[in-house]
Amino acid sequence: MSGFVRAAGAEWVKLRSVRSTVVTLSLFAFVALGLGWVVANGFSEGGPAADALLPIMFGLLTAQLVLVTFAVATVGSEFSTGTIRASLAAVPSRGRFFAAKMTAVGLTVAAAALVVEVAVYGLVRVVIGDAAAPLTEWWTIEALLGGWIHLTLLSVFTASIAMMLRSTVVTLSILLPVLFLSSQGLGNLDAIRPVVQYFPDQVGMVIMHMTVPGDPRFGRDYGPWEGIAILVLWTAAALVGGWLSMRRRDA
Amino acid sequence: MVIEVSNLTKRYRGGTAVDDLTFTVEPGRVTGFLGPNGAGKSTTIRLILGLDRPTGGSATVNGRPYRSLERPLTSVGALMDAGDLHPTRSVREHLRWLARTNGIGERRIGEVLEATGMAGVARKHAKTLSLGMKQRLGVAAALLGDPGVLILDEPVNGLDPEGVVWIRNLMKGLAAEGRTVLVSSHLMSEMALTAEHLVVIGRGRLLADTSTKDFIAAHAPADGSGASLEEAFMRLTGASVEFRSGGSL
Ligand SMILES: Nc1ncnc2c1ncn2[C@@H]1O[C@H](COP(=O)(O)OP(=O)(O)OP(=O)(O)O)[C@@H](O)[C@H]1O
Ligand SMILES: [Mg+2]
């Protein structure tokens, strides 16, 4: 077994052996399903089928904050508990440690997001009816696939930021306001939209079909797959930053 | 296996923690690592383990920098701060992730739990452990890879009298098996019983690198009365103590 596989296996043991993993991932599922159910119930049957994407994505988009908290706390707790010293004594290659941690966080979030997304989709279909967001339509597949990729990449992005800042509290107090911008509607203000529309969470709204293409206020200058490409760039930049900061600094 | 520290220097913004330090830790004996508070013992240990980068000089284990070891736990076991644990992770799971990193089998976890008297609390969360139990867990973690080199930073802290005797005999036993044992402590009477050899530092600089017997003899009072390691240590380090208590409350 290669050193990387051993290190990633160890990161998985770390994740599954603490209570907070189960708690936060359950909360993620609870929020996504709960909000999906509430919003779906406010929908009238017989409306446009595409509208059913809103209850699905609204729940997931809000619950992503829980997922971000999970990703950030997973990294931050290494520093707050001091286990980072044992981790780096056991895996002295900083790059290997970082890659292992990001892989474990990414795969765990990917699995959780997939399960929850499928569950939310099923729930919304039960509430609104079989006509809602049918899987025979490409835009349904696109939104579900894009949402899943978005949640996974956003978690890796924020976990990398946490590795640079070395603290759960500092990282969340910077990231949560930024990721709340979308729900507060700041992304729709004309003055800042040209810049803010490229922020990771705004990209997510496009990917999840929560914006209206071509709309002067809610439209964005790019489409869903360009949005994913932008998120990939954000994530890659954060990964490079996290790796550089791990490589240089004392434990 | 030997630990070689050569011209090791570590400067922080606040000052120099380790200052051109050179010494070798030989196998087959317990080497005591002594020095007043803030002398640079823990910093030296972090440098040996590759956790901090030296400003100058180098530290190697068997001729290789720690960071170049592919499965470091199988050659070097270390106890730094016993409190470095995730509060809601169990004792066994802590050892399990450590074992995974270095491809150490599940059976070995049971062995070190038995050897450190921690088998009975293997399912307990770290936050419920007493300081002494955390120290034992730290020793268990250090022994996990059956390493030829052991580096223990103040392992005696928090141990009950039975635990003190246990760790003394453990360290002596490991050295007798031909392993290299470096242990830091402020408990001079305990070091006099455990360490055959001493490396003493003050303000980051080497003050002595000699056998315990010679050290005591060299710094004994001139009248030859009641020479102890404690007295010898205070005589030698008197000039390099940074944090001296003084005055009255
Ligand atoms: N990360 C750091 N940043 C700045 N200064 C540091 C850092 N780590 C240690 N120091 C300083 O380096 C010096 C040596 O500290 P160190 O912890 O190595 O001493 P020590 O011999 O282990 O002391 P003690 O016996 O109290 O454990 C101290 O003055 C300390 O304040
Ligand atoms: Mg110390």
For this session: Evaluate the following for residue B:95: is it more than 9 Å from chain A (Cβ to nearest Cβ), closer than 30 Å to residue B:128 by Cα, buried (at least 23 other Cβ atoms within 10 Å of the Cβ) and more than 16 Å from ligand 2 (Cβ to nearest atom)?
Result: yes
For this session: Answer yes if at least one residue in the stretch B:49-60 is touching a residue at least 24 places away in the same chain (Cβ under 8 Å), within 14 Å of the chain's Cα centre (by Cα) and within 16 Å of ligand 1 (Cβ to nearest atom), and no otherwise.
Result: yes
For this session: Among the candidates B:70, B:106, single out the residue that is more than 22 Å from residue B:155 (Cα to Cα) and within 7 Å of chain A (Cβ to nearest Cβ).
Result: B:70
Exercise. Is the stretch B:64-75 home to any residue that is within 16 Å of ligand 2 (Cβ to nearest atom) and in contact (Cβ under 8 Å) with a residue 40 or more places away in the chain?
Worked result: no
Exercise. Do we find that residue B:140 is crowded, with 21+ Cβ neighbours inside 10 Å and away from ligand 1 (no atom under 16 Å from the Cβ) in this structure?
Worked result: yes
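Listed here are the residues, each with its yes/no results for (1) in a strand (DSSP E or B); (2) more than 16 Å from ligand 1 (Cβ to nearest atom); (3) more than 14 Å from chain A (Cβ to nearest Cβ).
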position	(1), (2), (3)
B:173	no, yes, yes
B:178	no, yes, yes
B:190	no, no, yes
B:193	no, yes, yes
B:200	yes, no, yes
B:206	yes, no, yes
B:210	yes, yes, yes
B:215	no, yes, yes
Seminar exercise, completed: Note on the stretch B:158-175: residues crowded, with 18+ Cβ neighbours inside 10 Å and within 18 Å of residue B:27 (Cβ to Cβ) are B:170, B:171, B:174, B:175
Exercise. From A:28, A:79, A:58, A:70, which residue is away from every other protein chain (no Cβ under 14 Å) and either within 23 Å of residue B:91 (Cα to Cα) or not aromatic (Phe, Trp, Tyr) (or both)?
Worked result: A:70
Exercise. Scanning for something farther than 15 Å from residue B:140 by Cβ, modelled with pLDDT of 95 or more and more than 16 Å from ligand 2 (Cβ to nearest atom), does the stretch B:32-48 turn up at least one residue?
Worked result: no
Seminar exercise, completed: The number of residues in the stretch A:82-107 that are more than 13 Å from chain B (Cβ to nearest Cβ) and within 15 Å of the chain's Cα centre (by Cα) is 5
Exercise. Looking only at residues in the stretch B:2-48 that are without any contact (Cβ under 8 Å) to a residue 40 or more places away in the chain and small (Gly, Ala, Ser), which one is nearest to ligand 1 (Cβ to nearest atom)?
Worked result: B:14
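The values are calculated or read from the model by the stated rules, or taken from the named source; none is laboratory data. Keep in mind the model is a prediction, meaning the values are calculated, not measured. Cβ: placed from backbone, ideal geometry, glycine included. Neighbour counts: every protein chain shown.
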